[in-house]
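Comments concern the structure below.
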Amino acid sequence: MDLKEKYGFTFPVSSMITARPNFHYVREPVFRRMPDGSLFSVGLSGGLMEPANENVVVAVQSYDDGQTWTLPRVLFRHSERAVWATELFTEGPRPLLFVHTYHAASQYREIHTYVSTTRDSGKTWTQPQSLPCGIANVVVRQGIVLQNGRWVFPVYWQECRSQWDWGQETEKRFWPKLCGVMVSDDQGTHFQQHGWVRSSQYDLWENNVVELEPNHLMMLMRAEYAGYLYRTDSYDGGLHWGPAHQTEIPNPNSKVSFCKVGDAVVLAHNPNHYTGPTMWPPRTPLSLWVSLNGAKTWAKKIDLCIKGRFMFYPHLMWDDDRKLLYIACENGDEHFLMKLSYDTILAGIDKADGGTHA
């Protein structure tokens, strides 16, 4: 039985990394193409659970465009803190891997932000260092390059408004999560943080950004317990953001990933509502939605994995030269990669019609 049939995928896939027998689990694939043409991917593993101070960053690499992958290696570990990598950016002079540490007992509230670089396409990496300009306690998500050359990275963080001493809490409650971006106009020599996007009712986090038109950016955010994604827009290249508001896009408390394919916005996600008190609502099916009007309506919906099969935490890599969209996802035990041609994604869409509402 091949992977497509075994796991219920609707397109061919390859296995990027399997947790067993070396790890108890492997989470959140984050990958990019390196300067030598290989694909490089990192994930979260280590310890018996997440979060744990034994959490490490594991890495695999493919030299045949994702058909086969190297055995996993531990890329970063810390003797006293958990380690987690959330973004690999390869649009600059050299690849940047954003690495975070946290004290597990804080439940992610004590985040420290670092960056590591490589000069040999991932074979070796520098020791993580602080970001320039003092940005030190944000989680960095998937960055984009605007048409004017500006780098924009969505970020989120937690703010202490009560329960400063979490060790005294009877329940492990989170501090509020808020979203913004960090931008660089000099290819990473300096960064500035902008935005303070928040909700009075829900934590906003795991945000993504896309440029709809020159300097018009859309941010979609996971809104904990809301049952839908939230959205905010910027019309000045990320410097200022409007109020967060609920969209009609269902979400079961899970990460989404989206990007541009030509003029279309493509969104990989689990289009399922949050319906109860559990922290693990049904993250199924895994789908790709396509919009021609800035995510107002959706002209096409493609199920990547059949309903009832749990595949989640997608991560997208768009390749305009090859006209391919690379989609990584996971089920907690294994990471998978599929490739869809731009023609497959856009086939059958009437460009004069924005599609039906989500």
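The values are calculated or read from the model by the stated rules, or taken from the named source; none is laboratory data. Keep in mind the model is a prediction, meaning the values are calculated, not measured. Please note: Cβ atoms are built from the backbone with ideal geometry, for glycine as well, and neighbour counts cover all protein chains shown. Surface areas here come from the heavy atoms of the whole protein model, side chains and all, with no ligands, DNA or RNA. Shrake-Rupley method; radii C 1.70, N 1.55, O 1.52, S 1.80 Å.
Can you give the FRET efficiency to the nearest 0.05 for residue 248 and residue 215, using r as the Cβ-Cβ distance and R₀ = 22 Å? That gives a FRET efficiency of 0.30. With a cut-off of 9 Å between beta carbons, the residues surrounding residue 244 carry a summed charge of +2, where Lys and Arg count +1 and Asp and Glu -1.
Under the convention that each Lys and Arg Cβ holds +1 and each Asp and Glu Cβ holds -1, the size of the dipole of region 119-268 around its Cα centre is about 300 debye.
Taking packing as the residue-averaged number of other Cβ atoms within 10 angstrom, the listed peptides 90-99, 112-121 run from highest to lowest as 90-99, 112-121. Taking label points 7 Å from Cα along the Cα-to-Cβ direction, residue 18 and residue 36 give a separation of 2.6 nm. Ignoring lysines fewer than eight residues from residue 123 along the same chain, the ones with Cα atoms less than 28 angstrom from its Cα are 323, 339. Segment residue 79..residue 160, full-extension length gain: 26.5 nm, with 0.36 nm per residue of separation and the alpha-carbon distance subtracted. Stretched out straight at 0.36 nm per residue, the stretch from residue 190 to residue 67 would grow longer than its current Cα-Cα span by 40.6 nm. The magnitude of the dipole of the chain, with charges of +1 and -1 set on the Cβ of Lys/Arg and Asp/Glu and taken from the Cα centre, is near 400 debye.
Taking the Cβ of residue 16 as the center, what net charge do the other residues with Cβ under 10 Å away carry, scoring Lys and Arg +1 and Asp and Glu -1? Neighbour charge sum, excluding residue 16 itself: -2.
Taken about its Cα centre, region 214-266 carries a charge dipole of roughly 160 debye when the Cβ of each Lys and Arg holds +1 and the Cβ of each Asp and Glu holds -1.
The aspartates and glutamates within cross-link reach of residue 177, meaning a Cα-to-Cα straight distance under 16 Å and a gap of 8 or more places when in the same chain, are 110, 159, 203, 206, 224. Label positions at residue 107 and residue 306, each projected 7 Å from the Cα along the C-beta direction, are separated by 3.8 nm. Taking 0.36 nm per residue of sequence separation and removing the Cα-Cα distance, the residue 297/residue 136 pair yields an extension gain of 54.3 nm. Solvent exposure of the chain, expressed per residue, is 43 Å² of accessible area, with all protein chains present and a 1.4 angstrom probe. 3J(HN,Hα) couplings calculated from phi for region 47-54 with the Karplus curve 6.51 cos²θ - 1.76 cosθ + 1.60 (θ = phi - 60°) are, in sequence order, x, 8, 7, 10, x, 7, 5, 8 Hz; Gly and Pro show x. Within the straight-line cut-off of under 21 Å between alpha carbons, the lysines reachable from residue 296 are 255, 260, 351, sequence neighbours fewer than 8 places apart in one chain being disregarded. When both region 3-30 and region 169-241 are represented by their alpha-carbon centers, they are found 29 Å apart. Here the accessible area of the chain is 50 percent carbon and sulfur, with a 1.4 angstrom probe and all protein chains present.
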